[in-house]
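Asker: Pasting a structure here, questions to come.
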Amino acid sequence: MKVIRSMVLVSVDDASLARGAQDVFRAFLDEIDEFGLSDQVAVTTIREAGIHADTPLVIVYPDAAVYGPVTVADVHTIVEEHLYKGNIVPSLLEMMHAPAPEFGWMRGRRGALPVQTRIVLERAGIINPESIEDYILNDGFLALGKALTQMRPADVIAEVDKSGLQGRGGAGFPTGQKWRFVASTPGSPKYVICNADESEPGTFKDRLVLEGDPFSIIEAMTIAGYAINAQEGYIYIRGEYPLAYRRIENAIRQAAARGLLGDRIFGTDFSFHIHIHAGAGSYICGEETALIESLEGKRGMPRARPPYPTTYGLFGKPTVVNNVETLANVPPILRNGAVWFREIGSPKSAGTKVYTILGNVNFTGAIEVPMGITLREVIDIYAKGMKNDKQLKLVQTGGSSGTIVPASLQDVPLDFESFRNAGVSLGSGALLVCDEDTCVVDLAKVILRFFRNECCGKCTPCRIGTLRLYEIMSQISEGSASLAELDLMLKISEAMSEVSNCGLGQTASIALRDFMKYFRQEIETHIVDHVCPVGVCPVSERAPVLAPVP
Amino acid sequence: MEQEVTELDLASLVERVVGEHGATRDAIIPILSDINRVLGYIPATALPEIRRRIQLPQEGVFLADSHLYSAASFYQMFSLHPIGRHVIRFCESAPCHVMGGRQVIRALQDESGLQPGETSQDMKWSLLMTSCLGVCSVGPAFLVDNDIYGNVTPERVPEILARYE
């Protein structure tokens, strides 16, 4: 069996190809063969390496060393020094910012990229996601084996509890506590549901795990089942993620074939089966009770709560619903211990978080770092600054249901406490960075349109509220609104957040309220002066509204 | 995608799909998904075909066509009427918008000659807006059928659409 210990990635986007990436790739294959490393080192290509001046890039994993620009002449040196002898070649590395000394508390890999602490994403992008052997070789199924053969269900729950793991889907509910509720609730059968409906705009962290490390979710769900005494699990994957579906399906099949899923796992009395279900395009199905309704074959309309899924869930039975990222933390916690997990992150927010960086920055993508990073650190260190040197105007944190953070608040640590302390939501960890060319009216309109489209229609405050808010914001952008409508929007927003049946209605207008708090003048300029300062709204095309004749 | 589906074709398709997923209420969405995938849409006549096969009164399952219509009309990936052979789904959520989406949708409209929601006369193209696709770091993004395109600039649009027959 081939045991790959290093992987070489050669960038083959158009710019790289124009500079000879094809020849570099071939040279690597030849040199690796020359050194007799073909059974240990894999070479592959990547199309999208981001924006780089120094292409072609060559990335060597697991060291995360980035070389560039690489010519055919450099290949022999890289293969001999780095792959054969194990020494990174500093002179050939791509020029990168070095992390500042105060960030030494971040543990991370060797290499030239800014440090990250990869727990959830430890294997994603490194191992072959379709190979159970690769997974096992990388500590796969160790945690499950330990749980089933050395721990009782109550011990598993205690360990997760002690670790301080909180839900990573956006709500942040303590995972150990949720498991304990369901374990101690009378009723049978019980269910474990993995919420893989990731639909919060800006969020794709779960997709990385589902596509890159699918076995970890299978293992984690089985551990959860053992802890709460459930024999069946469901994983609900959004319909727009067909690759994730295929990879999870494959993982289920391979695990079952090896006795690591299904009947009598690891030869013990514990059996657990996982069913996979695809969504069909609906943001609201990410809400746990709507998801359950959808699993039951109905419209994804959230239920009235209480009762919560922990007492009345799938088919009316006690159910644990966990996000993908939350579950991905469970095997490492069992392998390395709750104390290890607690030491990462901040006192009230243990562990790491996968943050996704989007918008008008130089480097977009996902990073995994200890809880509590600030926006300034994200933008300066990981995103390598604003694109085209534009000024930062605002960041929306936590997805479209998240808060607006003006540039003045960019030093707030992003964790579970930041909303309570400074009004900055963590949510799913999506960070949408907007520069000076962003019009708040235009952005508010896009956000409100999303909620109008995704509202399920069940409860009046949200069904009418999302529609009216979008209509008014459209009128503002077209120059046909009045100042009185700003107060009306705030009233509607208040009603929605207090009376809506579910989180969608409750959070749909958070961004609007923040825009009104920090950027009210810009909004009023659209109304009063018929001017869009940034110049994107069609407001300037309208003639000023004449005063009514008495 | 088929516009005229014969009664026999539909019945045998529903028979097969229900057989694969099970004649239970919680199989409704996978059943509708498969029909939507094969035919490009869910014909109204499919609903009673499904309902007939899932009526299990002895187990307390009483389905009306309206239950099926309720599910079929709720999910955005389903269509209740025939759409184009090739479907463009453009992400109109905030991240793609901030990264330059406005210019790309304009280019898509120009190139296809369609407004969002429209299908071309010759049934070749449909242009639909969709919510976040989950590839946000390479926005602006859109799907054509099952192919995803990221980092799209307006200049790339004609070449992308030209790939489809």
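Asker: What are the pairs with Cβ atoms under 9 angstrom where one residue, in the stretch A:293-310, is within 14 Å of chain B (Cβ to nearest Cβ) and the other, located anywhere, is assigned to a loop (DSSP other than H, G, I, E, B) and among the basic types (K, R)? Sequence gap at least six, or different chains.
Answerer: Between residues of the stretch A:293-310 that are within 14 Å of chain B (Cβ to nearest Cβ) and residues that are assigned to a loop (DSSP other than H, G, I, E, B) and among the basic types (K, R), the close pairs are A:E293/A:R299; A:E293/A:R303; A:R299/A:K458; A:M301/A:K458; A:P302/A:K458.
Asker: Those residues that are buried (at least 22 other Cβ atoms within 10 Å of the Cβ) and on the phi > 0 side of the Ramachandran plot, I need them from the stretch A:373-402; list them, please.
Answerer: Passing the criteria: A:G398, A:G399.
Asker: Kindly evaluate A:G286 against the criterion of being surrounded by 20 or more Cβ atoms within 10 Å (Cβ to Cβ), more than 14 Å from chain B (Cβ to nearest Cβ), under 28 Å from B:S73 (Cα atoms) and not β-branched (V, I, T).
Answerer: Values: surrounded by 20 or more Cβ atoms within 10 Å (Cβ to Cβ): yes; more than 14 Å from chain B (Cβ to nearest Cβ): no; under 28 Å from B:S73 (Cα atoms): yes; not β-branched (V, I, T): yes.
No.
Asker: Hey, can you tell me all the residues within the stretch B:142-165 that are in contact (Cβ under 8 Å) with a residue 12 or more places away in the chain and within 17 Å of the chain's Cα centre (by Cα)?
Answerer: Across the stretch B:142-165, the qualifying residues are B:F142, B:L143, B:V144, B:D145, B:I148.
Asker: Yes or no: A:T203 of a type in the set (S, T, Y) and within 14 Å of chain B (Cβ to nearest Cβ)? Talk me through it step by step, then tell me what you get.
Answerer: On the way: of a type in the set (S, T, Y): yes; within 14 Å of chain B (Cβ to nearest Cβ): yes.
So A:T203 fits the description; yes.
Asker: While we're on this one: Could you please find all residues in the stretch A:132-167 being at pLDDT 95 or above, polar (S, T, N, Q) and farther than 28 Å from A:G427 by Cα?
Answerer: Result: A:T149, A:Q150.
Asker: Would you check which residues across the stretch A:206-253 are more than 25 Å from B:R37 (Cα to Cα) and not in a helix (DSSP H, G or I) and list them?
Answerer: Result: A:D213, A:N229, A:A230, A:Q231, A:E232, A:G233.
Asker: Restricting the search to the stretch A:308-327, which residues are more than 20 Å from A:L504 (Cβ to Cβ) and surrounded by fewer than 19 Cβ atoms within 10 Å (Cβ to Cβ)?
Answerer: Result: A:T311, A:F315, A:G316, A:K317.
Asker: Tell me, which helices (runs of 4 or more DSSP H) wholly within the stretch B:1-71 include 3 or more residues that are away from every other protein chain (no Cβ under 13 Å)?
Answerer: Numbers: elements: B:7-21, B:28-39, B:46-54.
So the answer is B:7-21, B:46-54.
Asker: Looking for whichever is in the same structural domain as A:E368 (by TED's automatic domain parsing), at pLDDT 95 or above and either over 22 Å from A:V534 (Cα atoms) or small (G, A, S) (or both) here; the options are A:G465, A:G429. Which one fits?
Answerer: Working: A:G465 fails: in the same structural domain as A:E368 (by TED's automatic domain parsing).
Only one candidate qualifies: A:G429.
Asker: A further question follows. Of all residues being of a type in the set (S, T, Y), assigned to a loop (DSSP other than H, G, I, E, B) and within 14 Å of another protein chain (Cβ to nearest Cβ) in the stretch B:108-162, which is farthest from A:C285 (Cα to Cα)? Just the residue, please.
Answerer: We begin by selecting, within the stretch B:108-162, every residue of a type in the set (S, T, Y); these are B:112, B:119-120, B:126, B:130-131, B:137, B:149, B:153.
Filter again for assigned to a loop (DSSP other than H, G, I, E, B), leaving B:120, B:131, B:153.
Going one step further and asking which of them are within 14 Å of another protein chain (Cβ to nearest Cβ), we end up with B:131, B:153.
Values: B:S131: 13, B:T153: 31 Å.
Selected residue: B:T153.
Asker: I would also like to ask the following. Among the candidates A:F451, A:F419, which residue alone is assigned to a helix (DSSP H, G or I), more than 12 Å from chain B (Cβ to nearest Cβ) and within 22 Å of the chain's Cα centre (by Cα)? Reasoning before the result, please.
Answerer: Working: A:F451 fails: more than 12 Å from chain B (Cβ to nearest Cβ).
When all the criteria are applied, what remains is A:F419.
The values are calculated or read from the model by the stated rules, or taken from the named source; none is laboratory data. The structure presented is a predicted model; accordingly, all values stated were derived computationally and were not measured. Note: ideal-geometry Cβ built from the backbone for every residue, glycine included; neighbour counts use all protein chains shown.
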